[in-house]
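Below: the structure, in structure tokens.
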Ligand code: PAF
């Protein structure tokens, strides 16, 4: 496994891969790798000749400085995990490599970012859009792999690729969960034992809501009940619990079993913000 630090380093390897007709798969990450990331890596290995994993904690997508400063950094163990998966390259740029200067452009994703994460994390998707564009331009992958847990992020990146005619195929990989159902996230390692126990309210409320909707209960009743359930958990604080169209990200006020739908949730456990989602009608 080769670790590369700059676009110029990678360029040599890229030329060699292209000359030998090898396809390149990119798994963009911010490190603190868990089994969910490794699922992306395994999928990338199945679908590409050469796998590049990038590790870069992107400052421009954090709307909260404290969250950025506390984001876990576990580079050494990340490299071990990737080496065990036989990854070919790990791209570990520093901030100056990615941002020699502060970007002037601002990516506005319109309606797509006026709900859910876009509302609660202003500027987040601009930061994601810019860094993902930079990674695609530097690595020039044929395919790129993202997790379904960040559902709205996958929608944003699909839009980016479409609007800028980028020649990269996006592969979305299902959410990996802990045995008790909590969606894997790099932030989980920062939860205290009690926060970890109460964090199950995210997946439990998604499953409860799905069951009740499919049994015919009205969406507004389900949503209100879930808000009450959150109020009963002293360490949990709900930001949103919304029924949406899983590609357009428009909010539904009623459930219709003939329309595609997913529920998305975001909540704090103490100071740690977690998100999750569940398809209702895929
Ligand atoms: O999902 C993530 O880890 C990040 O948002 C990404 C796509 C690597 C961009 O920094």
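Express the relative contact order of segment 70-169 as a whole percentage, based on alpha carbon pairs under 8 Å and six or more residues apart in sequence.
Numbers: 45 pairs, mean separation 22.4, N = 100.
Relative contact order, segment 70-169: 22 percent.
Listing 249, 62 from fewest to most neighbouring C-beta atoms within 10 Å gives 62, 249.
Over all Cα atoms in segment 12-92, the spread is summed up by Rg and Dmax: 14.0, 45 Å. With equal scatterers on the alpha carbons only and no solvent term, can you work out the Debye log10 of I(q)/I(0) for segment 1-154 at 0.16, 0.17, 0.21 1/Å? Result of the Debye calculation: -0.93, -1.05, -1.49.
Grouping the Cα pair distances of segment 208-282 into 5 Å bins from zero gives a pair-distance distribution of 3, 16, 27, 25, 16, 9, 3, 0 percent in increasing distance order.
With just the Cα atoms defining each centre, how far is segment 173-221 from segment 1-80? Give it in Å. Here the answer is 27 Å between Cα centres. Of interest is the spacing of the C-alpha centroids, which for segment 233-282 and segment 124-156 amounts to 21 Å. Entry note: segment 95-164 has Rg to Rh equal to 0.95, where both radii use alpha-carbon atoms and Rh is the Kirkwood radius. As a proxy for reagent exposure, ranking 81, 102 by other Cβ atoms within 10 Å from fewest up yields 102, 81.
With N residues in segment 42-126, what two-decimal value do you get for its Cα radius of gyration over 2.2 N^0.38 Å?
Normalised by 2.2 N^0.38 Å, the Cα Rg of segment 42-126 equals 1.35.
Over segment 135-210, Cα pairs under 8 Å with separation of 6+ residues give a relative contact order of 27 percent.
If segment 156-232 were replaced by its equivalent ellipsoid, with semi-axes equal to the square roots of 5 times the Cα gyration tensor eigenvalues, what would those be, largest first, whole Å? Each step should come with its number before you reach the end.
Working: eigenvalues 182, 90, 27 Å².
Three semi-axes, in Å: 30, 21, 12.
Contact order, relative form, for the chain: 17 percent (alpha carbon pairs under 8 Å, 6 or more residues apart, mean separation divided by residue count).
When the expected Rg is taken as 2.2 N^0.38 Å, what fraction or multiple of it is the alpha-carbon Rg of segment 56-104? The partial results should precede the final answer.
On the way: Rg = 13.4 Å, N = 49, 2.2 N^0.38 = 9.7 Å.
Dividing the Cα Rg of segment 56-104 by 2.2 N^0.38 Å gives 1.39.
In segment 231-274 the Cα-Cα distances spread across 5 Å bins starting at 0 as 5, 22, 23, 15, 13, 14, 6, 1 percent of all pairs. With the convex hull drawn around the C-alpha atoms of the chain, the volume per residue stands at 135 Å³. In the chain, helices alone account for a calculated mean residue ellipticity at 222 nm of -11500 deg cm²/dmol, with every DSSP H run of four or more residues adding -39,500 (n - 2.57).
Rounded to the nearest 0.05, what FRET efficiency do residue 119 and residue 247 give with R0 = 25 Å and r taken as the Cβ-Cβ distance? Could you check? Mind dumping the intermediate values first?
Numbers: r = 18 Å, r/R0 = 0.73.
Here the calculated transfer efficiency is 0.85.
Extension gain, residue 104 to residue 258: 0.36 nm times the residue separation minus the Cα-Cα distance gives 51.1 nm. Counting other Cβ atoms within 10 Å as a rough exposure proxy, the listed residues 30, 207 run 207, 30 from fewest neighbours to most. In the calculated pair-distance distribution of segment 197-252, the portion above 15 angstrom amounts to 50 percent of the Cα-Cα pairs. What the Cα atoms of segment 127-282 give is an Rg and a Dmax of 16.9, 50 Å.
Where a number appears in this text, it was derived from the coordinates with a stated rule and is not lab data. Nothing here was measured: the structure is a model prediction, and the numbers come from that model. Note that each Cβ is placed from the backbone with ideal geometry, even for glycine, and that neighbours are counted across all protein chains shown.
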